[in-house]
1. Residue 216 is checked against (1) assigned to a loop (DSSP other than H, G, I, E, B); (2) at pLDDT 85 or above; (3) within 12 Å of the ligand (Cβ to nearest atom) and fails just one. What number does that condition carry?
2. Return yes or no: is residue 47 touching an Asp or Glu at 6+ places or on another chain (Cβ under 7 Å) and either buried (at least 20 other Cβ atoms within 10 Å of the Cβ) or at pLDDT below 95 (or both)?
3. Scan the helices (runs of 4 or more DSSP H) fully inside region 223-282 and keep the ones with 2 or more residues being within 9 Å of the ligand (Cβ to nearest atom), out of contact with any strand residue (DSSP E or B) (no Cβ under 6 Å at 6 or more places or on another chain) and modelled with pLDDT of 95 or more.
4. Looking only at region 253-268, how many residues end up being under 28 Å from residue 31 (Cα atoms) and either surrounded by fewer than 17 Cβ atoms within 10 Å (Cβ to Cβ) or free of Cβ contacts under 8 Å to residues at least 60 places away in the same chain (or both)?
5. I want to confirm something. Restricting to region 1-31 and keeping residues that are within 12 Å of the ligand (Cβ to nearest atom) and within 14 Å of the chain's Cα centre (by Cα), which single residue is most open to solvent (accessible area, probe 1.4 Å)?
6. Only one of these conditions is not met by residue 94: (1) surrounded by fewer than 15 Cβ atoms within 10 Å (Cβ to Cβ); (2) within 19 Å of the chain's Cα centre (by Cα). Which number is it?
7. Does residue 285 satisfy the condition of being touching a residue at least 24 places away in the same chain (Cβ under 8 Å), near the ligand (Cβ under 9 Å from one of its atoms) and in a helix (DSSP H, G or I)?
8. Take the conditions farther than 16 Å from residue 49 by Cα and either within 15 Å of the ligand (Cβ to nearest atom) or of a type in the set (Val, Ile, Thr) (or both) and apply them to residue 118. Does it pass?
Amino acid sequence: MRYVGDVAVGAVGLGAMPLSIEGHPDEARAVATVHAALDAGVTLIDTADSYHAPTGGAPGDGELLVARALAAYGGARDRVLVATKGGRGRTPDGGWTVDGDPARLRRAAQASARRLGVEAIGLYQLHKPDPAVPYAESLGALRDLLDAGTVRMAGVSNVDVAQIRLAREILGDRLVSVQNRWSPAVRDSEPELRLCAELGLAFLPWSPLGGISRSSLDGASAQAADPRFGAFHRVARERGVSPQRVALAWALARSPVVVPIPGASRPETARDSAAAAELALDGRELELLGP
Ligand SMILES: NC(=O)c1ccc[n+]([C@@H]2O[C@H](COP(=O)([O-])OP(=O)(O)OC[C@H]3O[C@@H](n4cnc5c(N)ncnc54)[C@H](OP(=O)(O)O)[C@@H]3O)[C@@H](O)[C@H]2O)c1
């Protein structure tokens with residue numbers, strides 16, 4: 001288990017983006033993927049109001065899907081923390097926009113709460129700082145949402161050290177998480193990870209599999225793509241598990257504040273990733289995989 005604020009969650013979460021953006025699976029497979037993750041011990045699901053197909057979809061599709069999957073789940077649902085985000089949108093050509101306007105953020109969070117069917121959103125994250133709006137103003141909207149009880153805990157995403165410090169100043173200990181891109185291959189958020197460990201904030205790496213996410217990569221071609229991937233495949237072969245599971249176990253071993261949120265659009269991958277919570281790498285393996 002790991003902590004997001006005062007909530008204990010399974011050490012590996014589920015990134016729900018592939019379930020509702022372009023190329024998403026059909027409803028039955030999407031719901032089965034969420035259920036497989038929950039059955040495997042996942043209790044943190046990450047979504048966003050902008051996780052929808054750019055054409056033929058609508059804002060909130062991802063949240064509605066998660067809400068439907070939870071409603072149809074036969075097991076315990078009350079321990080599931082649904083994290084959503086606001087502040088981004090889609091363009092018809094598949095692009096992503098950013099909108100940090102405080103009034104629109106407040107309205108977006110209220111709409112997210114309605115779609116998720118909750119009085120208070122468990123974890124609401126500002127998706128990305130908007131260069132056109134002072135970040136303190138966007139964070140002020142988050143503070144208002146916390147004060148109003150629309151949101152129980154707050155997080156930020158795609159932020160640097162200074163922005164995390166500003167968020168901490170404005171939100172105090174109601175800021176509980178940072179979501180940045182981080183994986184064995186993409187390491188430029190190391191300073192933010194260190195700050196999260198220092199402040200006791202959960203660090204939710206997005207795209208935590210990086211280039212290892214293509215299961216077709218064999219050891220040799222992986223090594224050619226990035227010499228470090230070779231070690232992940234070697235440990236995986238020795239353990240008889242997937243390199244993706246090794247990558248997630250490595251991430252968990254890096255810091256107790258790390259809670260990876262691997263994406264999945266199939267029950268098999270959701271299950272395989274969740275099992276990384278049980279994979280304790282030993283000292284030799286960690287040395288092989290590198291810092
Ligand atoms: N805050 C942000 O700006 C931001 C940006 C991007 C993503 N995110 C969040 O982060 C989550 C994760 O990122 P991501 O989905 O882009 O990338 P990712 O987790 O690095 O990779 C997801 C892909 O890896 C495959 N995969 C997952 N587990 C696997 C396993 N055990 N074995 C083999 N393949 C596996 C999945 O395949 P299948 O599809 O076949 O299951 C999926 O296509 C997203 O879902 C979203 O919630 C946030």
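The values are calculated or read from the model by the stated rules, or taken from the named source; none is laboratory data. Quick caveat: nothing in here was measured; it's all calculated off a predicted structure. Heads up, the Cβs are rebuilt from the backbone with ideal geometry, glycines too, and the neighbour counts pull from every protein chain shown. Remember, those area values only see protein heavy atoms, side chains included, never the ligands or the DNA or RNA. Shrake-Rupley method; radii C 1.70, N 1.55, O 1.52, S 1.80 Å.
1. Here residue 216 clears every test but (2).
2. Numbers: touching an Asp or Glu at 6+ places or on another chain (Cβ under 7 Å): yes; either buried (at least 20 other Cβ atoms within 10 Å of the Cβ) or at pLDDT below 95 (or both): yes.
Against the criterion (touching an Asp or Glu at 6+ places or on another chain (Cβ under 7 Å) and either buried (at least 20 other Cβ atoms within 10 Å of the Cβ) or at pLDDT below 95 (or both)), residue 47 qualifies.
3. Numbers: elements: 227-239, 243-254, 267-274.
Filter on region 223-282 gives 243-254, 267-274.
4. So the count comes out to 2.
5. 17
6. (2)
7. Details: touching a residue at least 24 places away in the same chain (Cβ under 8 Å): yes; near the ligand (Cβ under 9 Å from one of its atoms): no; in a helix (DSSP H, G or I): yes.
Taking the combined requirement at face value, the residue does not satisfy it.
8. Values: farther than 16 Å from residue 49 by Cα: no; either within 15 Å of the ligand (Cβ to nearest atom) or of a type in the set (Val, Ile, Thr) (or both): yes.
It is false that residue 118 is farther than 16 Å from residue 49 by Cα and either within 15 Å of the ligand (Cβ to nearest atom) or of a type in the set (Val, Ile, Thr) (or both).
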